[in-house]
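Below is one structure, written out as structure tokens; comments come after it.
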Amino acid sequence: MNSKVIGIVLVVAGVALTLWGYNIYDSASAQIGRALNGDTPIEAWAGMVGGAISVLLGIARLK
């Protein structure tokens, strides 16, 4: 039972982290930076990748 609660928390936190990373990626300052020099903020990548990993770990805990 305790493992399922941890799994649910990981999934919810992972979705929130992924959305946060996407919001940073899609922000106006990030779009200007990508247009001028092609750089994407590391916070965006960290949020999206970390969130996806968290979601996958949460799903694995739920099984």
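The values are calculated or read from the model by the stated rules, or taken from the named source; none is laboratory data. These figures come from a predicted structure and were not determined experimentally. Please note: Cβ atoms are built from the backbone with ideal geometry, for glycine as well, and neighbour counts cover all protein chains shown. SASA here: full protein model, heavy atoms, side chains in, ligands and nucleic acids out. Shrake-Rupley method; radii C 1.70, N 1.55, O 1.52, S 1.80 Å.
Some notes on this structure:
- Among the residues listed as Leu10, Leu19, the single one being exposed (fewer than 14 other Cβ atoms within 10 Å of the Cβ), in contact with a helix residue (DSSP H, G or I) (Cβ under 9 Å, 6 or more places away or on another chain) and at pLDDT 95 or above: Leu19
- Close pairs from segment 1-19: first more than 12 Å from Ile53 (Cβ to Cβ), partner open to solvent by less than 50 Å² (accessible area, probe 1.4 Å) and modelled with pLDDT of 95 or more, Cβ under 6 Å, at least 6 apart: Gly7/Gly58
- Among residues of segment 28-60, those that are under 15 Å from the mean Cα position of the chain (by Cα) and of a type in the set (Ser, Thr, Tyr), counted: 2
- The set of residues in segment 26-47 that are of a type outside the set (Gly, Ala, Ser) and without any contact (Cβ under 8 Å) to a residue 12 or more places away in the chain comprises Asp26, Gln31, Ile32, Arg34, Leu36, Asn37, Asp39, Ile42.
- Residue list for segment 24-34, filter: under 29 Å from Ala60 (Cβ atoms) and out of contact with any helix residue (DSSP H, G or I) (no Cβ under 8 Å at 6 or more places or on another chain): Asp26
- Any chance Asp39 is surrounded by fewer than 13 Cβ atoms within 10 Å (Cβ to Cβ) and touching a helix residue (DSSP H, G or I) at 6+ places or on another chain (Cβ under 7 Å): yes
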